[in-house]
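All of the numbers you see were taken from the coordinates with simple rules; none came from a lab. Note that the structure is a prediction, hence the values are computed from the model and not measured. Note that each Cβ is placed from the backbone with ideal geometry, even for glycine, and that neighbours are counted across all protein chains shown.
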Amino acid sequence: MADQILQVEHLEKYYQKRHVLYDINFSVAKGEVVTLLGPSGSGKSTLIRCLNGLEPYQKGTITFEDQQVDPTEKNWQQIRQKIGMVFQSYDLFPNLTVIDNIMLGPTKVQKQSADAARAEAIQLLQRVGLEDYADAYPRMLSGGQKQRIAIVRALALHPDFMLFDEVTASLDPEMVRGVLNIIKDLAETDNMTMIVVTHEMNFAQEIADRVLFLENGKILEQTPSKQFFAKPQTDRAQEFLDSMDF
Amino acid sequence: MDHSGISVLFEGTNFTRLLGGLWVTVKIAGVALILGLILGIVLGVLRTFKNRLLRLILRLYLEFFRIVPTVVLLFLFYYILPKQLNFNLPADQIATLVFALWVGAEMSDIVRGALISVPKHQRESGLAIGLNRYQLYRYVLIPQAITLEIPATINLATRVIKTTSLLMLISVMDVINIGQQIIEANNHTHPTGVFWVYGLIFLFYFLIDYPLSWWAKRLEKRRLERTNG
Ligand SMILES: Nc1ncnc2c1ncn2[C@@H]1O[C@H](COP(=O)(O)OP(=O)(O)OP(=O)(O)O)[C@@H](O)[C@H]1O
Ligand SMILES: [Mg+2]
């Protein structure tokens, strides 16, 4: 079990009275890329948000890097530095320039020196081809550029684990590939561990080691990626793939 | 009538006395605004927390200062409370205190409104990079709230400046009180002086408030242009 980075056991989630996640069990190994697929409303966002403490859960346990998480706000705040998350909406801080967006976590949360944080931020910007925009404000950028910077902002904290929740879903089609390539590069070059929620089936197939298929708040199957896309174990997953025009 | 009314403004030290009164007015309004702003930001932030009791108390505080007319507040703090509680402050400090508490109450509502209208995703992406609650407010939420609240704050400032005209009721030597004294002292020699003195006071208030409300409108327009465009 030493190479498990994350383990989720018997997790149950309610929004008030409404039961949205049922007995969720899975684990993620170091360096593994898991894609979380499932129809709209199946609970993908809710699950991924539970994994970094943005949503409270009512039962079950999350174990991160061999430590069972005691779900207090203070603990989550520590753990979140190791778990990067990028959302669907472009959520850069509009009051800060690109470079300040990226440096905020490293300097304030991790108390790195401004010089070190800046040097690394520039390097990361170069990696995504946006070093010319360091001093721009988010409103001057396209959706695709914002999303690439949101990824950089998460990476600047040196996370061990990344969560992506439909990061290309609100982008213009011609922007999508650029963002997906960065995620792919992270998986291949950095061997980053990640959970990716996406509607891009081609991309899921390219990147995933394993697929978790979620429906109505339950994990219906966990299947190695090749096998899932060739022939999933459940009819529901097959119907889902068919409906995705894939 | 050999004396034209306007000359009353420039006789003796009248004009400098009026300017002195204006300074008192501006100082009380200015200090009250600065203190009230700080108080209002703190209370506004507290009002976005989950603690119900705290929210209720702060809500009552706001409603009290909103419902009770400023004149009544001034009387209460100047005539009634000092006797009951046995403290004595000069009238201008009482006035500053009352205005600061009032500004703090109104500001707390403006700040709270601005804070809760910052999109939920902003809060979440702040949390996602590991910010604690203090850092989240300090670097993400408050800076964004401030751009939303500046026009309302300037409008509040113009209201505060206008309301300082009540200060004479607790005998603060503000511009209106001094104007009144000048009018009374010169009533026989300059019967039309009253128009000139109040005309000048009107001009003073206009010169302070008009640029402020123009500024507020411009900022609001720019903000709307920016969010729409
Ligand atoms: N804040 C909330 N309060 C109450 N119910 C919610 C809330 N957020 C989501 N839900 C409900 O929980 C269920 C799961 O929602 P969730 O957003 O996790 O689904 P999803 O799989 O991410 O869907 P999509 O593909 O559309 O993003 C849905 O039925 C949704 O209506
Ligand atoms: Mg979702």
Considering the dipole of chain B built from charges on the beta carbon (Lys and Arg +1, Asp and Glu -1) around the Cα centre, which of B:150, B:79, B:116 is farthest to its positive end?
B:116
Expected integer from the mean partner chain Cβ neighbour count at 10 Å over A:90-99 is 5
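With +1 on each Lys and Arg Cβ and -1 on each Asp and Glu Cβ, and nothing else charged, work out how big the dipole of chain A is about its Cα centre, in Debye to the nearest 20. Please report the intermediate quantities before stating the final value.
Numbers: 25 positive and 34 negative charges, 118 e Å.
Here the size comes out at about 560 debye.
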Name the residue from A:193, B:29, B:91 whose Cα lies farthest towards the positive end of the charge dipole of the protein assembly as shown, charges +1 on Cβ of Lys and Arg and -1 on Cβ of Asp and Glu.
B:91
Summing -39500 (n - 2.57) over the DSSP H runs of n ≥ 4 in chain A and dividing by its residue number, what mean residue ellipticity at 222 nm do you reach, to the nearest 500 deg cm²/dmol?
-10500 deg cm²/dmol
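Is the shape of the range B:180-229 rounded, prolate or oblate, going by the alpha carbon gyration tensor and its root eigenvalues a ≥ b ≥ c, with a/c under 1.5 for rounded and a/b larger than b/c for prolate?
On the way: a/c = 9.46, a/b = 6.39, b/c = 1.48.
Since a/c reaches 1.5 and a/b is larger than b/c, the shape of the range B:180-229 is classed as prolate.
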Cβ neighbours within 10 Å, averaged per peptide: list A:105-114, A:155-164, B:26-35 in order, most packed at the top.
A:155-164, B:26-35, A:105-114
Can you compute the modelled spin-label distance between residue A:30 and residue B:225, with each label point 7 Å from Cα toward Cβ, in nm?
5.6
Residue B:210 versus residue B:189: modelled label distance in nm, points set 7 Å from Cα along the beta carbon direction
3.1
Using packing as a proxy for protection, rank B:195-201, B:170-176 so that the peptide with the highest average count of other Cβ atoms within 10 Å comes first.
B:170-176, B:195-201
Run the reach check for residue B:162 against lysines, Cα to Cα strictly under 20 Å, same-chain hits fewer than 8 apart removed. What comes back?
B:27, B:217
Residue order, fewest to most beta carbons within 10 Å, for A:79, B:150
B:150, A:79
Cβ crowding within 10 Å averaged over residues, with B:97-107, A:31-41, A:229-239, A:116-126 ranked highest first:
B:97-107, A:31-41, A:116-126, A:229-239
Would you mind telling me which residue in A:182, A:48, A:207 has the biggest mean-square fluctuation in a Gaussian network model of chain A, where springs connect alpha carbons within a distance under 10 angstrom?
A:182
Once R0 is set to 22 Å, what does the formula 1/(1 + (r/R0)^6) return for the Cβ-Cβ distance between residue B:169 and residue B:57, expressed as a FRET efficiency to the nearest 0.05?
0.15
Under 22 Å Cα to Cα from residue B:221, which lysines show up? Leave out anything in the same chain fewer than 8 places away.
none
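Averaged over peptide A:68-75, how many Cβ atoms belonging to another chain are found within 10 Å of each residue's Cβ? Working shown, then result.
Details: counts 0, 0, 0, 0, 0, 3, 2, 0.
Average per residue, whole number: 1.
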Using a 10 Å cut-off around each Cβ of peptide A:149-156, what is the average number of partner chain Cβ atoms that fall inside?
1
Counting only residues 5 or more apart in sequence or on a different chain, those whose built amide H sits under 5 Å from that of residue A:220 are A:213, A:214, A:215
Reachable lysines from residue A:59, Cα under 20 Å, same-chain residues fewer than 8 places away excluded?
A:13, A:17, A:44, A:74, A:218
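What does DSSP give for the protein assembly as shown in terms of the percent of beta bridges that are antiparallel, rounded to the nearest 5? Could you put the intermediate results ahead of the total?
Values: 21 of 38 bridges.
Of all bridge pairs located within the protein assembly as shown, approximately 55 percent are antiparallel.
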